[in-house]
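Following: one structure in structure tokens, then a few remarks.
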Amino acid sequence: MEKLVTRFYGVLLSIYIYNEYTGYMELEKLLAAINKKYPEEKEFIAAVRKHIDDERKHYMLFKNYFTKNERIPFFVSDKYGYIDLFVKHIFKVKIKELDQNSIINNNEKFFKLCRLIMMTELRGLKQVKTLLNNNLINKNESLLKIFKVIEKDEPSHCYPYQYWLKKSNSHMPRLRENLTDLWIHYSLMIIKVPFLLFNGKLKRRSEFY
Ligand SMILES: [Fe+2]
Ligand SMILES: [Fe+2]
């Protein structure tokens, strides 16, 4: 049993660290594009900056946890990245191929990306609340601490994108985006995460991100 619990922590945190890392790296590219296109939007820029700094902080919290336990995360592909999957469904490209500069020059595409980030953050908040009610997380004090930090930070992460959509009179997420969100969430929870949990051949990364 103890082994399975350790495995659960390992898989869960490997998915989290991948997502935090991808999140802050990709947001940096977006912020560079925003800075170039809308340098006068100081408030918007500061809010996105704060979002990136939080995601990097979360990444570091998980990294420290792994380091303390003398572990390197499992190898997790982009099929486990929430934002990767969202981008793939909506923009039909891999997140690494997303051209932030061309997106920002096309209002409709930029609104789409704002909605996508918003939904990812809302999902993240729901997810962390579920984890905080999970017995396995509650009995691990250092993990509980990490997830409480995330719970506190997460609500503000939607604000910059919500602000931008409202200011531009664009709409909030609609049916197709909501369905995509549900599909990604449930396929992860019901199929993909259990698959990792019981995949005996799952390798660890050779080094940290
Ligand atoms: Fe985060
Ligand atoms: Fe977040």
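The values are calculated or read from the model by the stated rules, or taken from the named source; none is laboratory data. Quick caveat, the model's predicted, so the values are computed rather than measured. Quick reminder, even Gly has a Cβ in these numbers, built from the backbone with ideal geometry, and neighbours come from all protein chains shown. All accessible areas refer to the heavy atoms of the entire protein, side chains included, with ligands and DNA or RNA removed. Shrake-Rupley method; radii C 1.70, N 1.55, O 1.52, S 1.80 Å.
In this structure, does Leu202 turn out to be touching a Phe, Trp or Tyr at 6+ places or on another chain (Cβ under 9 Å), among the aliphatic types (A, V, I, L, M), surrounded by 12 or more Cβ atoms within 10 Å (Cβ to Cβ) and not in a helix (DSSP H, G or I)? It is true that Leu202 is touching a Phe, Trp or Tyr at 6+ places or on another chain (Cβ under 9 Å), among the aliphatic types (A, V, I, L, M), surrounded by 12 or more Cβ atoms within 10 Å (Cβ to Cβ) and not in a helix (DSSP H, G or I). Exactly one residue among Asn133, Asn64, Asn69, Asn138 is more than 26 Å from Tyr186 (Cα to Cα), among the polar types (S, T, N, Q) and either modelled with pLDDT of 95 or more or in contact with a helix residue (DSSP H, G or I) (Cβ under 6 Å, 6 or more places away or on another chain) (or both), and that residue is Asn64.
Filter region 106-122 down to the residues that are surrounded by 13 or more Cβ atoms within 10 Å (Cβ to Cβ) and more than 17 Å from the chain's Cα centre (by Cα) and list them by number.
Scanning region 106-122 gives Lys109, Phe110, Phe111.
Is one or more of the residues making up region 135-142 acidic (Asp, Glu) and out of contact with any Leu (no Cβ under 8 Å at 6 or more places or on another chain)? Checking region 135-142: at least one residue is acidic (Asp, Glu) and out of contact with any Leu (no Cβ under 8 Å at 6 or more places or on another chain).
In the set Thr6, Thr22, only one residue is farther than 17 Å from Phe208 by Cβ and of a type in the set (Ser, Thr, Tyr); that residue is Thr6. Among the numbered conditions (1) open to solvent by less than 40 Å² (accessible area, probe 1.4 Å); (2) over 17 Å from the mean Cα position of the chain (by Cα); (3) hydroxyl-bearing (Ser, Thr, Tyr), the only one that Tyr18 does not meet is (2). Within region 128-162, the residues that satisfy the criterion of being within 16 Å of ligand 2 (Cβ to nearest atom) and hydroxyl-bearing (Ser, Thr, Tyr) are Thr130, Ser156, Tyr159, Tyr161. Residue-level analysis places Phe86 among those that are touching a Leu at 6+ places or on another chain (Cβ under 7 Å) and open to solvent by less than 50 Å² (accessible area, probe 1.4 Å).
Per-residue answers, yes or no, for (1) free of Cβ contacts under 8 Å to residues at least 60 places away in the same chain; (2) open to solvent by 20 Å² or more (accessible area, probe 1.4 Å):
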residue	(1), (2)
Val128	yes, no
Lys145	yes, yes
Tyr159	no, yes
Ser168	no, yes
Ser187	yes, no
Leu197	no, yes
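Has region 1-11 got any residue that is touching a helix residue (DSSP H, G or I) at 6+ places or on another chain (Cβ under 9 Å), within 16 Å of ligand 1 (Cβ to nearest atom) and modelled with pLDDT of 95 or more? No; the residues of region 1-11 include none that is touching a helix residue (DSSP H, G or I) at 6+ places or on another chain (Cβ under 9 Å), within 16 Å of ligand 1 (Cβ to nearest atom) and modelled with pLDDT of 95 or more.
Looking only at region 32-65, filter to residues that are assigned to a helix (DSSP H, G or I) and hydroxyl-bearing (Ser, Thr, Tyr); which one of those is nearest to Ile104 (Cα to Cα)? Selected residue: Tyr59.
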